[in-house]
Each structure stands twice: as structure tokens, then as C-alpha cells.
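Some notes on the structure that comes next.
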Amino acid sequence: MSAAWRPLWRAGDVSDMAAVVAASERWSAVARRRKRAAGRRPRQGEEPQAEPEADSEAVLRRLLEAEEDLRISDFCSSALETITECLRKQLEQLQSLTEALGRLHLGSSPGGSGEPLALSTSNVKCVCYGLGTFASCPAARIQLAFLLLFLEKCQIPRSHCWVYDPLFSQTEVSVLTSLGVTVLSENEEGKHSVQSQPTVFYMPHCGTALYNNLLWSNWSADALSRVVIIGNSFQGLEERLLARILQENYSYIAKILKGLEEFPLPQTPQYTDTFNDTSVHWFPLLKLEGLSEDLWASREEPDYQNCEDLEIIRKPTATQLE
């Protein structure tokens, strides 16, 4: 077995991780219905049955079990291959651009070393929104396990991964911190700028507005060429929503449909409810540069004032905080 596919925790690591979080307050909550997390869309039919939230050690143990089941599944190997192929294409695109800029720089500055820095997945960061209450929700726990497997497969350091959901409990924050990822303290509402760094956004079953906000925050060919989105199928959104609703409420999704490539994750009976309607999206620079200049010039921030069933939890306004 290659190093890239070593288990997330070696023998004994579970107890070590549990020790890290044991110092934090342990508590359990009675089973109750939780408000939907950060814009997660309701699945067909009823919501999955939630479990009572356990302490950190029990949550880590359940997460390990979910990871072990995922690792040996046909879904996992196929889904990770789809994601890594899109990421490889993106990095090759950025590498070509870096080399071209390096040649231009060398032409105007004799005596330079001449070798641009090679891009690798160690330069990639990951942002995860809307994971949900994984301590009590089995589907959310599987989605977290898949995130960790993705980071491992692509050799993206966990320290390069940021996670946010407004419904995370203190136990869940402690678990995530012990896993080595960073829990964001502020609700960005999806408005996260990549700032010239290749970034994978892991957003399973998030509200449509989160994807729209993310596009708005990176509304340029240069920025979007550095973005990969794992989340609800944009093609599916186009098919489900009325054209008028898509244009008026989620205009950035509507405008970018011709500037991306989308690859659906495989569907297997075992994980149908967990990863249904989930695709990998990346943005080839040639497609982006082929879009009209007028399209890029329109950069009005979405407000959703006339949008019904927004499906995201928004951060409080200044008036609400008073």
C-alpha cells in the first residue's frame, strides 16, 4: 500500500487524538431535531434520523469507522479519481501560465535563474462549507471522512484546510481541531476569495446562494481558473430552477455555465443520499477568456432580498447585533 493511502489514523492514534480533546468539556445532548446546516438542501423525503451527540472520543471512533468503510468502497476510489483528475488539469493549466510568465520575465531581465517554481498540491488549500452536525448526523460524518480521504489522496496538508458550519457544537470544533484542520470563526456566507492560490471548495449539498456568493467573490478569469468546486451539480441547478429565478437570484451561476467543465461523482446505492447530485467543477482558462467582457464587468454583490427559501444561514447584520 502506498504512503498516499495509509490509514488516516494508525493503530493507537485514535487514543492519542482522543487524549488531545479529552481536556475539553465532554458533554452529550439528547436526540433532537437540528436546524439545517449552512444552506444544506433537504434530501428527498424526510431528513436522515439524527443520533444523540456523543463525546469527542466516541465521535472520533465513529468517524474512523466511516473512513474505513469509505476507503474500501467502489465509490471512494472512483470519486477521488474524478477529483484528482480535475485538480491535475487545473494545476497543469496554472503551471503552463507560470512558465509563460517566467519566460516573459527572463526576456526582460537577463541573468535570472530561469526556472519557475513548480506547482504542487502542497500549494493548494481547501475550504469546506456546510458540512453539518457530523457528531449526530451519519451522512455528514461520511462527508467529513471523504474530505479527509481527499486531503490524504491529494497530499494536501490538513493545515491548509479551513472548515465552517454555523451549527458546529463545541465537541465538533474540538474534534476538527484535533484532526489538524482550522475551524473558521466567522460566517463568510461563501464569500471567500482565493487570492491567487489554487483552492478546492468542498461544499456538499449547500444552498445555491453559497455557490453564487463564491463565484461573485472570485469574479475574474484569473481567480476562477484557480477554483475547483465539489458540490451541487450546476447543470442540475440549471435544469431544476426556472430560467428567470436562476438569472434574477443566482446570476453568477447563470453567467458561468459556459465557462466550466463538470464531472459528476459516481452514484452507488451505499452513498446515494450522501453524495447525490454532487459534481466536480473546474474552470478552464480558455473557456473563461472566451466569455464576453460585459459579463466580467458586472460585479454587483448579491443581496437576495426577493429570494424565497434562501437555504443558507446568514451572518447577523449590524442592526441585528445592536
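Any read-out appearing in this document is the output of simple, stated calculations on the displayed coordinates, not a laboratory observation. Since this is a predicted model, take the numbers as computed values, not measurements. We place every Cβ from the backbone using ideal geometry, glycine too, and count neighbours over all the protein chains shown.
When averaged across all projection directions, what area in nm² does the alpha-carbon convex hull of the range 139-189 cover?
That works out to 3.7 nm², a quarter of the Cα hull's surface.
Just list whichever of K125/K153; K153/K258; K153/K287 have alpha carbons separated by over 18 Å in the model shown.
K153/K258; K153/K287
How far apart, in nanometres, would the label points at D303 and S251 be if each is projected 7 angstrom from Cα along the Cα-to-Cβ direction?
Result: 1.2 nm between the two label points.
Just to be sure I understand: if I project the alpha-carbon convex hull of the range 130-223 onto a plane and average over all orientations, what area do I get in nm²?
If I average the Cα hull's projected area over directions, I get 6.2 nm².
Kirkwood hydrodynamic radius, the range 221-318, all distinct C-alpha pairs: what's the number in Å?
Computed over Cα pairs of the range 221-318, the Kirkwood hydrodynamic radius comes out at 15.3 Å.
Can you check what the net charge comes to around E92, using other residues whose Cβ is under 14 Å from the Cβ of E92 (Lys, Arg +1; Asp, Glu -1)?
Value of the local net charge: 0.
Take L97 and R61, extend 7 Å from each Cα along the Cα→Cβ direction, and tell me the distance between the two endpoints in nm.
Here the modelled spin labels are 4.8 nm apart.
Measuring from label point to label point, each 7 Å out along Cα→Cβ, what is the S185 to K89 span in nm?
Distance between label points: 4.0 nm.
Give the peptides 239-249, 83-93 in descending order of average Cβ contacts within 10 Å, highest first.
83-93, 239-249
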